[in-house]
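Remarks on the structure that follows.
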Amino acid sequence: MATLHFDSSYASCGFLIVKTKGDPYNDNDTTLIQSDWDYAGVASSIGWIPCKCGSTDGTVDCEACNRKVSDMLSEAYDYCQEHEGEEFETLDCFFE
């Protein structure tokens, strides 16, 4: 399993996915998520739903729900931050 780790002094451009019991400051134990395009995928893998109608993964505007990409990516980042420190088996794919 893995957790999310936010440390603006170490990963100021995003956040880290850290192996359970791993060291967030050891590159072998982490994956850096620095592109806002990746926020939606990570957030979705831990339960975030980008759009109620299911028409987008968060990286494309949803006309049906009037949702903009920028809003969804911001929401995805916030969702990840809200779940910092929780363990998720679905994050293991970042280490395969």
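Every number here is computed from the coordinates shown, using simple stated rules; none is lab data. Note that the structure is a prediction, hence the values are computed from the model and not measured. Cβ coordinates were reconstructed from backbone atoms using ideal geometry, including for glycine residues, and neighbour counts include every protein chain displayed.
May I ask for the net charge around LYS68, where only other residues with Cβ less than 12 Å from the Cβ of LYS68 are counted and Lys, Arg are +1 while Asp, Glu are -1? So the environment of LYS68 carries a net charge of -3.
Computed from Cα atoms, the angle from the helix 69-82 axis to the main principal axis of the chain rounds to 40 degrees.
Which value, in debye to the nearest 20, gives the size of the charge dipole of the chain about its Cα centre, when Lys and Arg are +1 and Asp and Glu are -1 at the Cβ?
Values: 5 positive and 19 negative charges, 40 e Å.
Here the size comes out at about 200 debye.
Mean separation of Cα pairs under 8 Å and 6+ residues apart, divided by the residue count of segment 2-95: what relative contact order is that in percent?
With pairs under 8 Å counted, the relative contact order is 32 percent.
Along the axis of the charge dipole computed for the chain (Cβ charges of +1 for Lys and Arg, -1 for Asp and Glu, origin at the Cα centre), the listed residues SER8, TYR39, CYS65 are led at the positive end by CYS65. Residues ASP29, ASP23, ranked from the fewest to the most other C-beta atoms within 10 Å, line up as ASP23, ASP29.
Cβ crowding within 10 Å, taken as a proxy for footprinting-reagent exposure, orders GLU63, GLU86, GLU96 from fewest neighbours to most as GLU96, GLU63, GLU86.
Mean residue ellipticity at 222 nm, helices only, the chain: -8000 deg cm²/dmol; runs of at least 4 DSSP H residues each add -39,500 (n - 2.57), and the sum is divided by the number of residues.
Which value does Rg/Rh take for the chain over its C-alpha atoms, Rh per Kirkwood? All intermediate terms of the calculation are to be shown ahead of the outcome.
On the way: Rg = 13.6 Å, Rh = 13.6 Å.
When Rh is taken as the Kirkwood radius, the ratio is 1.00.
With respect to the chain, whose longest principal axis is taken over its alpha-carbon atoms, helix 36-45 is tilted by about 80°.
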